[in-house]
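What follows is one structure encoded as structure tokens, with my remarks underneath.
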2 protein chains.
Amino acid sequence: MSNAEMKKEVKNKIDVGAKIAPYPMPVILVGANVKGKANFLVAAWFMETAISPPKVMVALNKLHYTNQGIKENKTFSVCIPSEDMMKSTDYCGIVSGFKVEKSGVFNVFYGKLKTAPMVTECPVNLECRLDKVIDNGSHELFDGDILSTYTEEKYLTDGAVDIKKVKPFLLSLNERLYYKLGEPTAKAWGVGKKYKP
Amino acid sequence: MSNAEMKKEVKNKIDVGAKIAPYPMPVILVGANVKGKANFLVAAWFMETAISPPKVMVALNKLHYTNQGIKENKTFSVCIPSEDMMKSTDYCGIVSGFKVEKSGVFNVFYGKLKTAPMVTECPVNLECRLDKVIDNGSHELFDGDILSTYTEEKYLTDGAVDIKKVKPFLLSLNERLYYKLGEPTAKAWGVGKKYKP
């Protein structure tokens with residue numbers, strides 16, 4: 001790119017303001033027992049936060065019913081639904097646990113922690129022990145240690161979870177749209193070897 | 001699902017252990033000035049953490065060069081590359097800023113904060129002011145207020161950023177694979193209305 005072209009490109013930049021960031025995130029179901037009953041919340045604000053022990057953090061609006069259950073039991077789950085569960089997952093995002101009993105929407109199982117409900121139909125379930133809660137204004141951040149990863153033989157390739165078999169789907173929050181995951185296209189820490197800056 | 005079928009399905013669950021969670025995350029470039037020079041790190045552990053003001057958090061291994069720059073200037077950027085930038089983005093993940101000067105890999109621009117470098121070629125750039133750093137063992141969590149979102153007219157549809165035009169790509173960390181984003185398939189807070197539990 002020439003200097004003139006670059007200046008033009010910077011000039012083309014528009015500041016659309018301080019907004020929720022526009023990118024797609026995998027959809028998850030966060031599970032917690034609330035008042036002794038399994039409840040599941042749809043979320044897409046989550047990430048891993050440490051390697052060893054592996055940790056996962058979910059950012060949940062303080063208005064959610066699930067939050068009190070996580071604090072009560074100090075456990076939660078992160079369940080990854082596949083694209084064929086889009087309707088039932090979205091349903092959990094439409095109705096609140098405050099108003100509707102959601103324990104019957106999915107088949108539920110428990111792991112070693114006994115109080116972190118997991119969705120049997122989800123190809124991947126992370127069972128987590130709460131490490132800390134961070135108050136972040138509109139949201140609470142729940143950071144947990146991943147103790148177990150439950151899956152099924154049919155989702156594995158060479159002993160590891162195969163995303164192509166899991167078929168997670170993604171949420172573009174601003175657009176209020178679900179996206180399918182596309183095809184794998186290149187090796188990470190690989191394709192860049194051919195790049196010459 | 002009958003009770004017998006459900007029991008069978010739970011029985012099929014395998015615990016593959018405490019591992020990095022298997023799901024794909026959008027790839028980003030985190031920008032920071034280190035010792036006065038723009039540096040960019042490839043990351044995929046990030047999420048939004050609050051609505052108003054909107055915040056974004058990135059989890060960066062403590063070994064990274066970029067971390068010191070964020071702490072030094074109290075600013076950083078989150079830049080979303082499109083799939084046609086896969087090679088140059090991956091290159092930034094292969095070489096470390098400790099060893100290789102990366103300021104020339106991309107064209108760089110600065111916004112109102114003056115110290116958060118952003119990649120001109122990226123369709124979306126979030127300019128962030130550091131709010132807090134959380135020590136999380138292997139990783140540091142940098143939580144920042146999104147002050148501006150830079151994009152270009154060509155990425156907008158009806159005034160909003162259109163993910164289909166941005167074409168972000170995703171990293172499946174365990175598989176060390178990049179995935180394309182697929183097609184939008186259903187309305188969020190919509191498709192679930194047809195669901196009857």
Check: So what's the back-of-envelope 222 nm ellipticity for chain B, counting only DSSP H runs of four-plus at -39500 (n - 2.57) apiece and dividing by all residues, rounded to 500?
Finding: -4000 deg cm²/dmol
Note to self: With viscosity set to 0.890 mPa s at 25 °C, what whole-number translational diffusion coefficient in µm²/s follows for the stretch A:57-168 from Stokes-Einstein and a Kirkwood radius over Cα pairs?
What the structure shows: 164 µm²/s
Next item on the list: Can you give me the P(r) profile for the protein assembly as shown? Cα pairs, bins 10 angstrom wide beginning at 0, each as a whole percent.
Entry: 5, 24, 34, 24, 10, 2, 0
Check: What is the mean number of Cβ atoms from other protein chains located within 10 Å of the Cβ atom of each residue in peptide A:131-140, rounded to a whole number?
Finding: 4
Checklist line | Karplus-derived 3J(HN,Hα), 6.51/-1.76/1.60, for each residue of the stretch A:84-90, Hz, glycine and proline x | finding: 6, 9, 4, 5, 5, 5, 4
Notebook entry, point to check: List the trypsin sites (Lys or Arg not before Pro) in the stretch A:1-98 that DSSP assigns to loop (not H, G, I, E or B) and whose Cβ has at most 10 other Cβ atoms within 10 Å. Which are they?
Noted result: A:K35
Checklist line | Highest to lowest packing among B:151-164, A:20-33, scored as the average C-beta count within 10 Å | finding: A:20-33, B:151-164
Next item on the list: Report, by chain and number, residues whose modeled amide H sits under 5 Å from the one on A:G111, excluding near sequence neighbours (fewer than 5 apart, same chain).
Entry: A:A116
Next item on the list: Between beta-carbons, use under 14 Å as the cut-off and find the net charge around A:K132, counting Lys and Arg +1, Asp and Glu -1.
Entry: -2
Check: What are the nm distances, shortest first, from A:K99 to its equivalents in the other copies, labels at 7 Å along Cα→Cβ?
Finding: 5.7
Margin query: Step by step: find N for the stretch A:136-197, compute 2.2 N^0.38 Å, then divide the Cα radius of gyration by it. What's the final number?
Written below: 1.63
Next item on the list: Determine how large the accessible area of A:E140 is when every protein chain is in place; take a 1.4 Å probe and give Å² rounded to the nearest 10.
Entry: 20 Å²
Notebook entry, point to check: Around B:V124, which amide H atoms from residues at least 5 apart in sequence, or from another chain, sit under 5 Å from its own amide H, with H modelled in the peptide plane?
Noted result: B:I80
Item checked: Cα-derived Rg over Rh, computed across the stretch B:19-118 with Rh taken as Kirkwood radius -> 0.95
Notebook entry, point to check: Going from the alpha-carbon gyration tensor of chain B, what semi-axes, largest first and in whole Å, does one get by taking the root of 5 times each eigenvalue?
Noted result: 33, 22, 17
Next item on the list: On the full set of protein chains, 1.4 Å probe, figure out the accessible area of B:W189 and give it in Å² to the nearest 10.
Entry: 80 Å²
Check: Looking at this model, which pairs from A:K193/B:K154; B:K37/B:K167; B:K167/B:K187 are more than 24 angstrom apart at the alpha-carbon?
Finding: A:K193/B:K154; B:K37/B:K167
Check: By residue number, which cysteines of the protein assembly as shown lack any other Cys whose Cβ falls under 4.7 Å from their Cβ?
Finding: A:C92, A:C128, B:C92, B:C128
Margin query: Please report, for A:G36, the nm distances (one decimal) from its label point, 7 Å out from Cα along the beta-carbon direction, to the equivalent points in the remaining copies, shortest first.
Written below: 6.8
Check: What chymotrypsin sites (Phe, Trp or Tyr not before Pro) in the stretch A:74-105 are in a loop by DSSP, with at most 15 other Cβ atoms within 10 Å of the Cβ?
Finding: A:F98
Notebook entry, point to check: At B:D158, with labels set 7 Å past Cα in the Cβ direction, how many nm apart are the copies from this one, shortest first?
Noted result: 4.5
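The values are calculated or read from the model by the stated rules, or taken from the named source; none is laboratory data. Just so it is clear, the structure is predicted and the values come from calculations on it, not from any experiment. Every residue, glycine among them, receives a Cβ derived from its backbone with ideal geometry; neighbour counts consider all protein chains shown. With ligands, DNA and RNA removed, areas are computed over all heavy atoms of the protein, side chains included. Shrake-Rupley method; radii C 1.70, N 1.55, O 1.52, S 1.80 Å.
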